[in-house]
Amino acid sequence: MREPTTVSRPSLGGGWGVGRTLASAPKSTGSARATDGAGAAAREPRGAVVTDLERKRAAAPAPSEWTYAPAPESREIVSIAERYGLYVGGEFVEPRSGEHYATLDPSQEEPLAEIAQAGTEDVARAVDAARGAFDDGWSQVSPAERAKYLFRIARILQERSREFAVLESLNGGKPIRESRDVDLPLSAAHFFYYAGWADKLEYAFPNRRPRPIGVAGQIIPWNFPLLMLAWKIAPALAAGNTVVLKPAETTPLTALLFCDVVRQAELPAGVVNIVTGDGRTGADLVKHPGVDKIAFTGSTEVGKAIQRELAGTGKRLTLELGGKAANIIFDDAALDQAVEGIVNGIYFNQGHVCCAGSRLLVQESIYEPVVAKLKRRLSTLRVGDPLDKNTDVGAINSRQQLEKIQELVAAGEEEGAEIYQPPCRLPEKGYWFVPTVFTNVAQSYRIAQEEIFGPVLSVLTFRTPDEAVEKANNTPYGLSAGVWTEKGSRILWMAQRLRAGVVWANTYNRFDPASPFGGYKESGFGREGGRHGLEPYLEFER
């Protein structure tokens, strides 16, 4: 976010003058600009020659505030087909179900394309294609050759990053800056990372003989469509498995465009298969007996249903589910830096982040200045067109998700929390919600216990580190947490006691392919990223 900053202006003598803050610079009056030659000469440095034009420029009034001109990214960079089939066995095929549905642009509520609804027969066809590719040679391809394919995919993603970023923002509603600067670089980085491990599996797991498990069924969410695809597909292919992946119902377009990347990389037919559809398609994939492993990222309720379905089947399962993370601010923290971390922790991607810092725990002695700084920072956030490069908060992904956010926010007001929303003009069309802060929140309130999955922050207070740990852990989730303090010993003390799979220190929402990610309790089990992300896709012979 480019907020008002101090800008130095050239002085009359040719050097650099004192910086002016554009947001508060006084406007020059007419009388101040009307000066005679003698007065101007008195203010000029000795020996300087100043033209009339330079005097005129120097006397021009400084802007009183930043103004943003629209800076939209072009939609023409990406071509969207009117209708998509299913990607099975290296080609697009029509669904045997005969069903299609429309996927929307959430910022405009307008259809982008018709998407195939895969039925039971379609899922079976995709699993058969994956099994055939596994048995017919992919599992026997040398690790170095597998690495080459992954490198190719990573390079193609980099080359086509602008195209993917625009499509991700169009279909998902997230700001183009986030798609461009976060989702695409991280997606390519995961393929690069696991390409490096593909021929080193025996070094990754010493004294064990790793081999692929077979066909992996993968179900990904709508908040990070391409990044979650990379998290799932890259380690599976590096380990020698084949894949049937189901993208989210509302955001299938980048997964379908990824099929063209697979074609460009000349990946053997059937190694990667993409089936689209709603929850019924995912259920068919989970139930299919030809699938050896299920990887699911999504809601806790669906994760529990999958675990019940797979109980006793012997299938491998990893779950990355919901979260209600605590972002903990101690009184010795750098407050301006912490406020930026708070904003990044909850308003990044409209709060559609499983590890979002949706609970802010502030030490009582700094509660008032932190809340004041936070409210001031919220007033600078720009909500609007996801394709505008100046946008900070984009569109909510779907009407269903918007209604859930509205319902929980209304519950917070009814329970007695104080709501703050900065002045904000929302677009007339599309799904939008104003960045929101709740103060005077009790631990028992729904907004402090349930995952909202939107741009809504609940602020609570604590006095001692022990109380902070107790409140942070008082949730059914355990995915992530943040700690802000200048004391390294305190960071380590807190990290040992927080029941969270990821603990960030003096930062938030930082990801790296080499770092494992996952949770405890109702946030799921298993890890993605790092060497840990390879293990669920391997069997070991001793």
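The values are calculated or read from the model by the stated rules, or taken from the named source; none is laboratory data. Everything numeric here is computed off the predicted structure, so don't read it as measured data. As a convention, Cβ positions derive from the backbone with ideal geometry for all residues, glycine included, and neighbour counts pool all protein chains shown. All accessible areas refer to the heavy atoms of the entire protein, side chains included, with ligands and DNA or RNA removed. Shrake-Rupley method; radii C 1.70, N 1.55, O 1.52, S 1.80 Å.
Among 530-540, 373-383, how do they line up by average Cβ neighbours within 10 Å per residue, starting with the highest? Walk me through the numbers on the way to the answer.
On the way: 530-540: 19.8, 373-383: 17.3.
So the peptides 530-540, 373-383, ranked by packing, come out 530-540, 373-383.
Assuming 0.36 nm per residue, please report the length gained on full extension of the stretch Arg162 to Phe92 beyond their Cα-Cα distance.
Numbers: separation 70, 0.36 × 70 = 25.20 nm, distance 2.38 nm.
Length gained, Arg162 through Phe92: 22.8 nm.
For log10 I(q)/I(0) by the Debye sum over Cα atoms at q = 0.05, 0.09 Å⁻¹, one of (1) -0.25, -0.71; (2) -0.18, -0.60; (3) -0.20, -0.66 was computed from the structure I shared and the rest are decoys. Which label?
Among (1) -0.25, -0.71; (2) -0.18, -0.60; (3) -0.20, -0.66, the one calculated here is (1).
Using only the heavy atoms of the protein chains and a 1.4 Å probe, how would Asp105, Asp278, Asp181 rank by accessible area, largest first?
Details: Asp105 5, Asp278 30, Asp181 85 Å².
The residues order as Asp181, Asp278, Asp105, largest area first.
Can you tell me the relative contact order of the chain? Whole percent, Cα pairs under 8 Å, sequence separation 6 or more. Present the calculation step by step, with values, prior to reporting the outcome.
Numbers: 1149 pairs, mean separation 84.9, N = 542.
Value for the chain: 16 percent.
Going by average Cβ neighbours within 10 Å, how do the peptides 233-244, 249-260 rank, with the highest at the top?
Numbers: 233-244: 27.3, 249-260: 23.0.
Going from most to least packed, we get 233-244, 249-260.
Keeping all protein chains in the complex and leaving out DNA, RNA and ligands, what accessible area do you get for Val141 with a 1.4 Å probe, in Å² to the nearest 10?
40 Å²
Among Phe164, His288, Ala269, whose Cα lies farthest out toward the positive end of the dipole of the chain, if unit charges sit on the beta carbon of Lys, Arg (+1) and Asp, Glu (-1)?
Of the listed residues, the answer is Phe164.
Any idea what the dipole of the chain comes to, in debye rounded to 20, about its Cα centre with Lys/Arg Cβ at +1 and Asp/Glu Cβ at -1?
Working: 62 positive and 67 negative charges, 298 e Å.
Roughly 1440 debye for the chain.
Taking 0.36 nm per intervening residue step and subtracting the Cα-Cα distance, what contour gain separates Asp336 from Glu309 on full extension?
Working: separation 27, 0.36 × 27 = 9.72 nm, distance 4.76 nm.
Extra length from Asp336 to Glu309 when fully extended: 5.0 nm.
Using R₀ = 35 Å, calculate the FRET efficiency as 1/(1 + (r/R₀)^6) where r is the Cβ-Cβ separation of Glu121 and His532; round to 0.05.
Numbers: r = 36 Å, r/R0 = 1.02.
E(calc), rounded to 0.05, equals 0.45.
Lys/Arg Cβ at +1, Asp/Glu Cβ at -1, dipole of the chain taken about the Cα centre: which of Pro516, Ala442, Ala113 is farthest positive-ward?
Checked the options; the winner is Pro516.
Of the beta bridges DSSP finds with both residues in the range 326-511, what % are antiparallel, to the nearest 5? Don't skip to the end; give the middle numbers.
Details: 3 of 24 bridges.
Of the beta bridges lying entirely in the range 326-511, close to 10 percent run antiparallel.
Which aspartates and glutamates, on any chain, are close to Lys232 with Cα under 13 Å apart, when same-chain ones fewer than 8 places away are left out?
Candidates past the 8-residue exclusion: Glu320, Glu528, Glu535.
Given the rule -39500 (n - 2.57) for each run of at least 4 DSSP H residues, summed and divided by the residues of the chain, what is its mean residue ellipticity at 222 nm, to the nearest 500 deg cm²/dmol?
Value at 222 nm, helices only, nearest 500: -10500 deg cm²/dmol.
Determine the alpha carbon to alpha carbon distance for each of Lys293/Lys487; Lys246/Lys373; Lys148/Lys246; Lys324/Lys375 and list only those over 32 Å.
Working: Lys293/Lys487 43 Å; Lys246/Lys373 42 Å; Lys148/Lys246 25 Å; Lys324/Lys375 21 Å.
Table pairs above 32 Å Cα-Cα are Lys293/Lys487; Lys246/Lys373.
Sort Glu414, Glu403, Glu73 by accessible area with a 1.4 Å probe, largest first.
Numbers: Glu414 155, Glu403 100, Glu73 25 Å².
Result of the area sort, largest leading: Glu414, Glu403, Glu73.
How big, in percent, is the set of alpha carbon pairs in the range 403-542 lying more than 27 Å apart?
Details: 3530 of 9730 pairs.
Above the 27 Å cut-off, the range 403-542 has 36 percent of its Cα pairs.
Solvent-accessible area of Arg527, probe 1.4 Å, all protein chains present, reported in Å² to the nearest ten, please.
60 Å²
Per-residue accessible area for Tyr101 at 1.4 Å probe radius, Å² rounded to 10?
40 Å²
Would you list Thr297, Thr464 from the most to the least accessible area, probe 1.4 Å?
Working: Thr297 10, Thr464 65 Å².
Descending accessible area places them as Thr464, Thr297.
Taking every DSSP beta bridge that has both residues in the chain, what percent is antiparallel when rounded to the nearest 5?
40 percent
Mind checking the full-extension length gain between Leu426 and Glu486? Use 0.36 nm per residue of separation minus the Cα-Cα distance, one decimal, nm. Kindly include the intermediate steps, with their values, before the conclusion.
Values: separation 60, 0.36 × 60 = 21.60 nm, distance 3.84 nm.
Roughly 17.8 nm would be gained on extension.
Please report the carbon-and-sulfur percent of the accessible area for the range 80-321; probe 1.4 Å, protein heavy atoms only, DNA, RNA and ligands left out.
Numbers: 4240 of 8780 Å².
The computed percentage sits at 48.
With every protein chain left in place, what is the accessible area per residue of the chain in square angstrom, probe 1.4 Å?
Values: 23660 Å² over 542 residues.
Using a 1.4 Å probe on heavy atoms only, each residue of the chain averages 44 Å².
Could you tell me the largest-minus-smallest coordinate of the C-alpha atoms of the range 80-321 on each of the three principal axes, in descending order and whole angstroms?
So the three principal-axis extents are 55, 39, 32 Å.
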